[in-house]
Amino acid sequence: MDALPADVRQELVMAAAAIDGHAVTTHRFRSAAPPGPLADTLRERWRAEGRVVVESRSGDWTVLSVRGADSVRTLQLRPTAGGTEGLVSTWRRAASNEAVAATDGAAPGMPFARWLPEDARVIRQVRHQDPGRDAATVVALVAGAPGDAAARLRREAAVSGFVADPALAGPAGRAAWYRGGPQAGGEALAFRRGGEEVVATVAMHERGTALVLHWGTPR
């Protein structure tokens, strides 16, 4: 981020993401400087450029935002034992081709389109490029019970050539609430096809069943 001092260490978290019609890039950063002076430096630079700085607090986090000609930049920072840590996100209105891709049902190669029933309501789809990896997350609502939704995901995963890999689900996969069964309110599922992975959670919702599916593949 151009406003941060040169000695601040930055790490790319998310690039080329498409969220609700916006293209989003996010970096994580760490600095030996305390958050107060670092925030002061950013305010001074932005105000010198004639930008209006919007500031808020959320727990330990200080949040600074500025609007550019075609984007909004938000910085979140909080104190650590060694100085400051934070996130910098730049949001801009996606170009028409990006916006279409973000709402097109599924990223190229991503199997979610055929894993979801035709009447599924897709609430959110996020596509992004992590370092060395393409990834996407889909949140959807479907009719019926969690057990029925989980059974469909297992069938469609098998048809697509995926095999179950419970280790991918991490702690959620070992939690009793996510083990499935007639009385369960939800379930965690994980599948692998070579280097390609899908982790899904299926949970009871007042309007049916909520699905969260995360797909990733090496780039």
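Values in this text are rule-based calculations from the coordinates and carry no lab data. For clarity, every value in this text was computed on a predicted model and none was experimentally measured.
Explain nothing, just compute: Karplus ³J(HN,Hα) = 6.51 cos²θ - 1.76 cosθ + 1.60, θ = phi - 60°, for every residue of segment 146-157 in order, whole Hz, x for Gly and Pro.
For segment 146-157, the Karplus-derived couplings read x, x, 5, 5, 5, 4, 5, 4, 4, 4, 5, 5 Hz, x marking Gly and Pro.
Residue by residue, what Karplus-based ³J(HN,Hα) values in Hz, rounded to whole numbers, does segment 67-74 have, using 6.51, -1.76 and 1.60 with θ = phi - 60° and x for Gly and Pro?
9, x, 4, 9, 7, 10, 10, 10
Amide H neighbours of ALA33 under 5 Å, counting only residues 5+ apart in sequence or on other chains, H built in-plane at 1.01 Å?
Placed amide hydrogens put THR84 under 5 Å from ALA33.
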